[in-house]
Amino acid sequence: MSNYVERISVQYRNFSQGADPLIDSWPLMQTPGPIVTITGLYLLFVLWIGPRWMEHRKPYELKHTLIVYNAIQVVVSTAFCLQPFFTGLFSRLYLSMSCGEAMTGVSKDLQLTVWNGAWVYLVLKIVELLDTVFFVLRKKQNQVSFLHVYHHTIMVLFTWFYLKHIPGMHAAFIGVLNSFVHIIMYSYYLIAALGPRYQKYLWWKRYLTTLQLTQFGIMLCYFVLINSLQCHVPRALTYFFVSNITIFLFLFINFYRKAYRGKRGPVGPKTE
């Protein structure tokens, strides 16, 4: 019994302390309070306060805001995709995919690069909550789907938990892949924000949704692979990723069938 209590105590202490004191000292990382507050306020606004506040108001246009916002997203996502090629991280991503001990023997500088990148990625996930806020302010409540809100909420919470407790290399591959899809997706929305005369350049909307589906398929295969190879990844992390990716695949396939069956429907929801 004492061993069981001691084991629980260690687990709790590790949960409260995080993986490294340096990460714990960064903004948003000391306790889960700030990140839970942010996501809670997000849900409260997009699901209740925002729609009620906008009910008797005209929708905001936000054209210039959306152009700047989407352009910044494209630039930052491109930087994330290029970073592994300029920091020596690319070879480590390969090792993580081949089930090597990805963080063994890496320099402190490279380790800090991974951690800093994960923290910036967390900030980006928080900024991306504005996607939904813009929908609400423009009275596009039909875009505030379960898939959209669920994805944004889960990504913020999971990214925080990952950086706090298991900041290894394996999920870095997911971040790079996701950033690549973001380049394409936010480029689409940047063109769309420029106005009606640019609509003729948006003929590839169906293929963007296909790319989003492909991304989830790659992610699912990746985590099934590292789980089958018994890589140095907590099983709970693998199961969480696989279950959520399966949910996203199901929801996206359902969306694709409804949107594109016999017609050129709207682009997939801004979740990826």
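One table, with the values for the structure above:
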{"quantity": "Out of 120, 114, sole residue that is modelled with pLDDT of 75 or more, open to solvent by 20 Å² or more (accessible area, probe 1.4 Å), farther than 18 Å from residue 219 by Cβ and not in a loop (DSSP other than H, G, I, E, B)", "calculated": "120"}
{"quantity": "Count of residues meeting criterion [touching a residue at least 60 places away in the same chain (Cβ under 8 Å), open to solvent by less than 20 Å² (accessible area, probe 1.4 Å) and within 20 Å of residue 76 (Cα to Cα)] in segment 194-223", "calculated": "2"}
{"quantity": "Cross-chain or 6+ apart pairs with Cβ under 7 Å, segment 28-45 first and closer than 21 Å to residue 145 by Cα, then assigned to a helix (DSSP H, G or I) and open to solvent by 50 Å² or more (accessible area, probe 1.4 Å)", "calculated": "39/157"}
{"quantity": "Condition check for residue 176: closer than 27 Å to residue 85 by Cα, open to solvent by 20 Å² or more (accessible area, probe 1.4 Å), in contact (Cβ under 8 Å) with a residue 40 or more places away in the chain and out of contact with any Ser or Thr (no Cβ under 8 Å at 6 or more places or on another chain)", "calculated": "yes"}
{"quantity": "Hits in segment 178-210 (condition: out of contact with any helix residue (DSSP H, G or I) (no Cβ under 6 Å at 6 or more places or on another chain) and farther than 21 Å from residue 65 by Cα)", "calculated": "178, 200, 203, 204, 205, 207, 210"}
{"quantity": "Any hit, segment 148-161, residues being out of contact with any strand residue (DSSP E or B) (no Cβ under 8 Å at 6 or more places or on another chain) and outside any helix (DSSP H, G or I)", "calculated": "no"}
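The values are calculated or read from the model by the stated rules, or taken from the named source; none is laboratory data. As the structure is a computational prediction, the values presented were derived from the model and not from experiment. Cβ coordinates were reconstructed from backbone atoms using ideal geometry, including for glycine residues, and neighbour counts include every protein chain displayed. Ligands, DNA and RNA are stripped out before the accessible areas are found, and what is left, the full protein with its side chains, is counted by its heavy atoms. Shrake-Rupley method; radii C 1.70, N 1.55, O 1.52, S 1.80 Å.
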